[in-house]
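Report on one structure; see the data block that follows.
The values are calculated or read from the model by the stated rules, or taken from the named source; none is laboratory data. Computed from a predicted structure; not experimentally measured. Neighbour counts run over all protein chains shown; Cβ positions are idealised from the backbone, glycine included.
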Amino acid sequence: MQDISYTWQQILEKLELRVSSVSFMLWIKTIKPIEIDDKDNFVIAAPSVSAKNQILRNFIDTIGDCAFEVTGKPLKIVVLDQNEEIEYLKNSKVEEQIVAKKEEKNPFVAKYTFDNFVVGKSNQFVYAAARTVAENPGKRYNPLFIYGGVGLGKTHLLHAIGNYIREYSPELKIQYVPFDKFTSDYISSLSSPSKTQAVMEFRGKYRNLDILMVDDIQLISNKKETQEEFFLTFNDLILSNKQVIICSDRPPREISTLEDRLRSRFASGLIHDIQKPEIETRIAILHKKSQLEKYNVDDEAIEYIAENVDSSVRDLEGKLSEVYFLATLAGKKVATIEDAKEIFENHREEIKNELTPDKIISVVCDYFNISYNDITGKKKNKEVVEPRMLAIYLISEILSIPLVNIGKLFGGRDHTTIMHSRDKITEDLKVNKKTQTLVNELKKMLTSV
Ligand code: ADP
Ligand code: MG
């Protein structure tokens, strides 16, 4: 049996990125992992019946997805309430009635299909390439390397290829693996008592394939052995015209730990990025998602969400379900723009409450690539003066802290100096486009930390 608390910790890290911070605090953090049993049931316990119901209604799929990413197995998520937990621990046997998710033999997430993928300007090229590869593996674009920010649909496309192959070419052997799973598999084969056999098995698993899909290759480490093994696997497959598809959150040139020989191998195929969706695509995605999840959300609310979330599809989906569930909690049949506004207002408040002067200062430092000591210190060169004034302005504007206290944060400066900085930026904002852009960008970064 695996070490459940370690596995759960890794799953939590992924969940934290996918659900709102309120949901995470209220529901996810209260979950207690119990065990992954030998039938691939992942048993978790909620602290109450209502918490169990919330989890079943809102988070079960996301937990399943994250558990899959961490363990590489399509686990059946079983949620227990506090009484069921006691019974379970007594009998150590899962009852059928409390099984929350239908068992799937398919190793690919069933809803991640090409049909459920909304195509727009931002992703049409990558979508077409993925389809070509699914229809004719090993013939063109080999390897296919897809990169792009978190939550833009890379993993969805890999699973779509998987689902497509299972349906139309079930005879083909296809394997999906997140890179960290590839690494840990390899390392555990190396440390097995029957090492030679374990390594042979590992190679059998990854080389005896028609299609290998490797997700999150940016997690490739400096470890020489793993890169060597991956290089061999990769070459082996490509040389025998087997399809390799790789996803990453950044282009190969920006993966610093990637060896040059792999980088140049990747360049021999097709490398393309997936971008953030534009507004039309965001609206279409929200419609699609509402239809799939049977959420009743009106057009106006959908447009409001699409206008206010421009980060990732994952965030879009998260906001959509929050809006819908807020409406359901209030007993409404259809979520409207009022619900959407409330969610975003709460979110803004929440972020504001979490912001501290130190956070603002460090975001400004990161942005301008200067040190904390410089920004709060005495230096008067242009490189630090402007960031300092901006940080002072932001702290004063967002947190409404007394000027004297801001002065203390900046090396004991006098409050009139602080006021001067604040007013200078306020004036600049009226006339200077560059300042406007800077302040907007910084605010955006602050509200997404
Ligand atoms: P990534 O692997 O790039 O971080 P995922 O593939 O996990 O992102 O996508 C995050 C979520 O957004 C998933 O639920 C996925 O189904 C959804 N998604 C992303 N792009 C699209 C799209 N174009 N159409 C529909 N759903 C999408
Ligand atoms: Mg992914």
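If I filter the stretch 255-264 for residues that are away from ligand 2 (no atom under 16 Å from the Cβ), among the hydrophobic types (A, V, I, L, M, F, W, C), crowded, with 16+ Cβ neighbours inside 10 Å and more than 27 Å from the chain's Cα centre (by Cα), do I get at least one hit? Don't jump to the end; show me each part of the working.
First, pick out the residues of the stretch 255-264 that are away from ligand 2 (no atom under 16 Å from the Cβ): 256-264.
From what's left, among the hydrophobic types (A, V, I, L, M, F, W, C): 258, 262.
Then keep just the ones that are crowded, with 16+ Cβ neighbours inside 10 Å; that gives 258, 262.
Narrowing the set further to residues that are more than 27 Å from the chain's Cα centre (by Cα) leaves none.
No, the stretch 255-264 contains no residue that is away from ligand 2 (no atom under 16 Å from the Cβ), among the hydrophobic types (A, V, I, L, M, F, W, C), crowded, with 16+ Cβ neighbours inside 10 Å and more than 27 Å from the chain's Cα centre (by Cα).
If only one of 299, 236 is exposed (fewer than 14 other Cβ atoms within 10 Å of the Cβ) and away from ligand 1 (no atom under 16 Å from the Cβ), which one is it? Spell out the reasoning first.
Details: 236 fails: exposed (fewer than 14 other Cβ atoms within 10 Å of the Cβ).
Checking each option against the conditions leaves just 299.
Can you pull out every residue in the stretch 162-181 that is surrounded by 20 or more Cβ atoms within 10 Å (Cβ to Cβ) and away from ligand 1 (no atom under 16 Å from the Cβ)?
The first filter runs over the stretch 162-181 and keeps only residues surrounded by 20 or more Cβ atoms within 10 Å (Cβ to Cβ), leaving 162-165, 174, 176, 178-179.
Across the stretch 162-181, the qualifying residues are 165, 174.
Results for (1) in contact (Cβ under 8 Å) with a residue 60 or more places away in the chain; (2) over 27 Å from residue 410 (Cβ atoms); (3) basic (Lys, Arg), shown as yes or no for each residue.
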{"site": "328", "(1), (2), (3)": "no, yes, no"}
{"site": "332", "(1), (2), (3)": "no, yes, yes"}
{"site": "341", "(1), (2), (3)": "no, yes, yes"}
{"site": "344", "(1), (2), (3)": "no, yes, no"}
{"site": "356", "(1), (2), (3)": "no, no, no"}
{"site": "363", "(1), (2), (3)": "yes, no, no"}
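So, residue 333, is that one of a type in the set (D, E, K, R) and outside any helix (DSSP H, G or I) or not?
Values: of a type in the set (D, E, K, R): yes; outside any helix (DSSP H, G or I): yes.
So residue 333 fits the description; yes.
For the stretch 239-249, a residue qualifies if it is within 16 Å of ligand 1 (Cβ to nearest atom) and of a type outside the set (Gly, Ala, Ser), and the qualifying residues are 245, 246, 247, 249.
Given the condition buried (at least 16 other Cβ atoms within 10 Å of the Cβ), part of a helix (DSSP H, G or I), aromatic (Phe, Trp, Tyr) and within 21 Å of the chain's Cα centre (by Cα), answer yes or no: does some residue in the stretch 72-90 qualify? Checking the stretch 72-90: not a single residue is buried (at least 16 other Cβ atoms within 10 Å of the Cβ), part of a helix (DSSP H, G or I), aromatic (Phe, Trp, Tyr) and within 21 Å of the chain's Cα centre (by Cα). The number of residues in the stretch 134-161 being over 18 Å from residue 119 (Cα atoms) and either within 15 Å of ligand 1 (Cβ to nearest atom) or not hydroxyl-bearing (Ser, Thr, Tyr) (or both) comes to 9. Restricted to the stretch 257-297, and to residues that are small (Gly, Ala, Ser) and assigned to a loop (DSSP other than H, G, I, E, B), which residue is farthest from residue 153 (Cα to Cα)? So the residue we want is 268. Within the stretch 279-292, residues that are in the same structural domain as residue 319 (by TED's automatic domain parsing) have Cβ atoms under 8 Å from residues that are charged (D, E, K, R) and within 16 Å of ligand 2 (Cβ to nearest atom) in these pairs: 285/317; 289/317; 292/111, counting only partners at least 6 apart in sequence or on another chain.
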